[in-house]
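Reviewing the structure listed below.
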Amino acid sequence: MNSQFWKGKRVLITGHNGFKGCWLTKWLDLCGAVTCGISLEPECESVYSELKFSSNYKGYIADVTDAETIGKIVTEFEPEIVFHLAAQAIVKVASDFPAKTFETNVMGTVNVFEALRKCGKIKSIVIVTSDKVYENTEQATHFVEDDRLGGFEAYSASKACEEIVAQTYRSQYFLNKGIGVATARACNTFGGGDHHFDRLIPYLIRADYYGDNIELRNIDAVRPWQYILDTLNGYLMLAEALYKEPSKYSSAYNFGPPLNDIYTVGDIAKLISDSKIDNVKASLVESGILMIESTKSKKELGWEQCYSLQAALKRTCIFYKGDFIGKPIDELFTEEILNSLWMKKI
């Protein structure tokens, strides 16, 4: 990640008050970018209201399903680079409300693209989807970018549809104008500042800190895990590459851990806590095995995972302990970003 590249760049981030959005917006603000965020009202779990930004930042409360409002904001801001993160991202909520999930994840993306079609300064668009976009046959193979898309529940299916939307707009409306469009498929991302304590790693860290009993579903499920700053570094590198050479990098990219860095849900629990673990019956239909390969991102973008799982979990536990004792969230974010491997290279 070239922090100097971002100074003065006009960057739009949808979903800016979500977990990834908070980290990305703060990071770009620290790099001197001129940032604009669009999101719904922050969820109660969001730490967005506790973050501080420079005068280069402006945020809007808006729904990506509201095409007119999104169009007005984009026209007024005139972004050069866009990160589209806004989505219904909780698998359980998606299962309970499939129609709203498809509306947000598919038509919301269409609305963003339509607004950007009228924007004269846009050069680089990164659509953030998921590693769950692949048709998963539970064969214990690592998915690569050209594998078949699919989904058997609302979240994964809507994200696969979002990929197809991005392909359509890229090929028909943007690439022929020299505008780069890529999709980023990242694995399960974790780090401090995620107050969705029903998610595995925040749940485990809080349970261990307070000495609570631990109950897990799908304890033998295999998932790739990655530190938040490693994932966002991939997004930032992809956006910069698109900006400079749109025709070369306009495609899909996986961001995940090394192929031999495989852990089950139970393994993660044991790395965080010594407490007894109870396996409870799952109420959701979920993949038992899900793995992706990131060779393309490494070869074409020069991206690599810099933090091992153990090192990332240690940093995350330290962050949460500071959070639990009342250390200011903005201070925790700022310290973690400025002390990261990339910012130290400045």
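Table for the structure above
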| item | result |
| --- | --- |
| Cα-centre dipole for the chain with unit charges at Cβ (Lys and Arg positive, Asp and Glu negative), debye to 20 | 1100 debye |
| The chain - percent of accessible surface contributed by carbon and sulfur, probe 1.4 Å | 50 percent |
| Percent of Cα-Cα distances greater than 25 Å, calculated over the chain | 50 percent |
| Percent of C-alpha pairs per 10 Å bin, segment 181-326, short to long | 11, 37, 31, 16, 4, 0 |
| Relative contact order %, the chain, counting alpha carbon pairs below 8 Å whose residues are six or more apart | 18 percent |
| Under 20 Å from the Cα of K327 - aspartates and glutamates, other chains or at least 8 residues apart | E45, E50, D194, D208, E335, E336 |
| Total charge dipole magnitude, segment 128-193, about the Cα centre, Cβ charges on Lys, Arg, Asp, Glu only, Debye to nearest 20 | 320 debye |
| Restraint check, K123/K248; K9/K123; K92/K270; K9/K52, Cα-Cα greater than 22 Å | K92/K270 |
| Karplus-derived 3J(HN,Hα), 6.51/-1.76/1.60, for each residue of segment 313-322, Hz, glycine and proline x | 4, 4, 5, 5, 4, 4, 4, 5, 5, x |
| For the chain, calculated [θ]222 nm from helices alone, where every DSSP H run of n ≥ 4 adds -39500 (n - 2.57) | -11000 deg cm²/dmol |
| Sequence ranges 317-323, 102-108, ranked by mean other-Cβ count within 10 angstrom, highest first | 102-108, 317-323 |
| Cα-projected label distance for E43 with S275, points at 7 Å along beta-carbon direction, nm | 2.1 nm |
| Antiparallel bridge percentage (DSSP; both residues within segment 183-312; nearest 5) | 15 percent |
| Accessible area (Å², per residue) of the chain, counting only protein heavy atoms and a probe of 1.4 Å | 43 Å² |
| Rg ratio (alpha-carbon, reference 2.2 N^0.38 Å) - segment 164-249 | 1.56 |
| Residue pairs, from the table K159/K298; K72/K121; K7/K321, whose Cα atoms sit over 26 Å apart | K7/K321 |
| For segment 52-179, Kirkwood radius (reciprocal of mean inverse C-alpha pair distance, Å) | 15.8 Å |
| Estimated dipole of segment 166-240 in Debye, rounded to 20 [Cβ of Lys and Arg +1, of Asp and Glu -1, Cα centre] | 480 debye |
| Among G151, V165, T75 the positive-end extreme of the charge dipole of the chain (Cβ point charges) | T75 |
| Under 5 Å, built H, 5+ apart or other chain: amide partners of R217 | V280 |
| Cα centroid separation, segment 196-211 to segment 4-36 (Å) | 28 Å |
| Alpha carbon convex hull of segment 77-118, volume per residue in cubic angstrom | 63 Å³ |
| Amide proton proximity set for A33, modelled H, under 5 Å, gap of 5+ | G8 |
| Amide H within-cut-off set for Y263, under 5 Å, with H built and near neighbours excluded | R223 |
| Relative packing of 222-229, 38-45, which averages over residues the other C-beta atoms within 10 Å, highest first | 222-229, 38-45 |
| Farthest positive-ward along segment 203-316 dipole, Cα basis, beta-carbon charges - from C306, L204, S250 | S250 |
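The values are calculated or read from the model by the stated rules, or taken from the named source; none is laboratory data. All values reported here derive from a predicted model rather than from experimental measurement. Positions of Cβ are generated from backbone atoms using ideal geometry, with glycine treated the same way; all protein chains shown enter the neighbour counts. For the accessible areas, the whole protein counts, side chains as well, though only heavy atoms, and no ligand, DNA or RNA atoms are used. Shrake-Rupley method; radii C 1.70, N 1.55, O 1.52, S 1.80 Å.
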